[in-house]
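Q: Here it is: the structure, laid out below.
The values are calculated or read from the model by the stated rules, or taken from the named source; none is laboratory data. Quick caveat: nothing in here was measured; it's all calculated off a predicted structure. Heads up, the Cβs are rebuilt from the backbone with ideal geometry, glycines too, and the neighbour counts pull from every protein chain shown. Surface areas here come from the heavy atoms of the whole protein model, side chains and all, with no ligands, DNA or RNA. Shrake-Rupley method; radii C 1.70, N 1.55, O 1.52, S 1.80 Å.
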Amino acid sequence: MAAYVELLKHEIEAVGLWSRQHGLAVPLASVFFGGGTPSLADPADLAKILDLLRLQFELEPEAEITFEANPGTLRPGQLAVLRAAGFNRISFGLQAAQDDLLRSLGRIHTYDDFVTSMRDARAAGFDRISADLMLGLPGQTLADALESVERVLTLGIDHVSYYSLIIEPGTPFADRYLDHPDLLPDEDLERAIYHAVRDRLAVAGLASYEISNAARPGQECLHNLVYWRGESYYGFGVAAHSYLAGVRRGNTTDWRTYAAAWGGAGESTIARDPAGADKAAEGQVRPGVREEAQWPFLALESFEVIDSVEARKEFFLLGLRLAQGVTWADYQARFGADDDARERFVTEFRNLIDRGLIEIDEIGVRLTPLGLDLANQAFSEFV
């Protein structure tokens, strides 16, 4: 872990320098430590990384600073250190309130561990706490899912993420269940669970502001809203992604490659992208980024220029995840007052309306209840 922290700091320093050189550095509105189990790391290291981000980019005064934590991984005193460092939001991976379901997921924690961790977080001064729930688990019933929601609500949590289980090929879960769909809730039950959870949260005052996220007013996750609004963001570390100046980049998923790339790097490291990114972006980078810019991205695995056509498609591909959908005002604020999305995407909108997946009015476009169930089909119109 100590070696990884040093590599991560080198990457942050190099990208920070590059951003300042090209006029891209602005105070950060949010920081999110996630993608694994950051709560396993030394809290002093997390604090150092946050301090470095503050130094390289600055933070907005009310910046949202989140870290993901699995119950059972937090150690005494860790939360107080993180709160003092400036972390102000925690996302706990509860997943379910039933210990037997947690065991079936291979989780090391119990529901009681979650309750203890949540109370410790509150005692340390965290007043923004989110809980993740998983739906469609092996053996999960509608009653199980609703019981999990009730327990979360009883604890006064103001943000809940509720995701349907996705079985990824090549995982132990896939080996166990991919060829045995009978062990999982069928599609009708899974959809019934989803809508019941969504409805119960809404009744309790946690409106769903996105397909899989609900919150009390003012408690929405600002960091994730950046993704769904198609705004810019940095990504640091193995497998991290960034979207800067109209270019999406993905770091290598291989630790050894990442370590080799950054092992000899220092604060002033600026090197040409080994993937030839500047050549791929020739003539397509946005103003303010020179064609011959030196890129500090040493461990890239993927690189994609998002041109104006793709950016408009992605605005709907991502924005339709939001409960409010995409407003015409937001679209024109991004792409120009003379750009009428209803004309540009007339065919796509007609196809989705005919299938009952979206609704359109003078404010904008959004998914229908059927569209929530068939969201990927709606998104595919803009791929």
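Q: Taking ASP112 and the conditions (1) in contact with a Phe, Trp or Tyr (Cβ under 9 Å, 6 or more places away or on another chain); (2) closer than 30 Å to GLY139 by Cα; (3) open to solvent by 40 Å² or more (accessible area, probe 1.4 Å), which numbered condition does it fall short on, given that it satisfies the others?
A: (1)
Q: For the range 331-372, how many residues meet the condition of being under 28 Å from LEU189 (Cβ atoms) and open to solvent by 60 Å² or more (accessible area, probe 1.4 Å)? Give the derivation first.
A: First pass over the range 331-372, keeping only residues under 28 Å from LEU189 (Cβ atoms): 352, 355-359, 366-372.
Filter again for open to solvent by 60 Å² or more (accessible area, probe 1.4 Å), leaving 355, 359, 369-370.
Number satisfying all stated conditions: 4.
Q: Could you grab me the full set of residues in the range 31-76 that are open to solvent by 20 Å² or more (accessible area, probe 1.4 Å) and assigned to a strand (DSSP E or B)?
A: Those that are open to solvent by 20 Å² or more (accessible area, probe 1.4 Å) and assigned to a strand (DSSP E or B): PHE32, PHE33, LEU59, GLU60, PRO61, GLU62, GLU68.
Q: Any residue in the range 196-210 that is assigned to a strand (DSSP E or B) and either open to solvent by 30 Å² or more (accessible area, probe 1.4 Å) or under 13 Å from ASP158 (Cβ atoms) (or both)?
A: Here is the first cut: in the range 196-210, the ones assigned to a strand (DSSP E or B) are 207-210.
Applying the additional criterion that residues be either open to solvent by 30 Å² or more (accessible area, probe 1.4 Å) or under 13 Å from ASP158 (Cβ atoms) (or both) yields 207, 209.
The answer is yes, given that some residue of the range 196-210 is assigned to a strand (DSSP E or B) and either open to solvent by 30 Å² or more (accessible area, probe 1.4 Å) or under 13 Å from ASP158 (Cβ atoms) (or both).
Q: Can you list the helices (runs of 4 or more DSSP H) found entirely within the range 287-380 that contain at least 2 residues being out of contact with any His (no Cβ under 6 Å at 6 or more places or on another chain) and more than 30 Å from ASN251 (Cα to Cα)? Full working, then the answer.
A: Numbers: elements: 308-319, 328-335, 341-344, 346-354, 369-373, 375-379.
Ranges flagged: 328-335, 341-344, 346-354, 369-373.
Q: Counting only residues that are in a loop (DSSP other than H, G, I, E, B) and closer than 22 Å to VAL247 by Cα, which one in the range 211-233 is least open to solvent (accessible area, probe 1.4 Å)? Break it down stepwise before answering.
A: Within the range 211-233, the first condition is being in a loop (DSSP other than H, G, I, E, B), and the residues that meet it are 211-212, 216-221, 229-232.
Filter once more, so that each one left must be closer than 22 Å to VAL247 by Cα: 229-232.
Working: ARG229: 108, GLY230: 20, GLU231: 69, SER232: 68 Å².
Taking the candidates together, the pick is GLY230.
Q: Can we say VAL326 is touching a residue at least 24 places away in the same chain (Cβ under 8 Å) and either over 26 Å from PRO217 (Cβ atoms) or not polar (S, T, N, Q) (or both)?
A: Values: touching a residue at least 24 places away in the same chain (Cβ under 8 Å): yes; either over 26 Å from PRO217 (Cβ atoms) or not polar (S, T, N, Q) (or both): yes.
Answer is yes for this residue.
Q: Looking at (1) assigned to a helix (DSSP H, G or I); (2) farther than 30 Å from GLY136 by Cα, which is the only condition LEU101 fails?
A: (2)
Q: State the number of residues belonging to the range 155-189 that are open to solvent by less than 30 Å² (accessible area, probe 1.4 Å) and touching a strand residue (DSSP E or B) at 6+ places or on another chain (Cβ under 6 Å).
A: Number of matching residues: 5.
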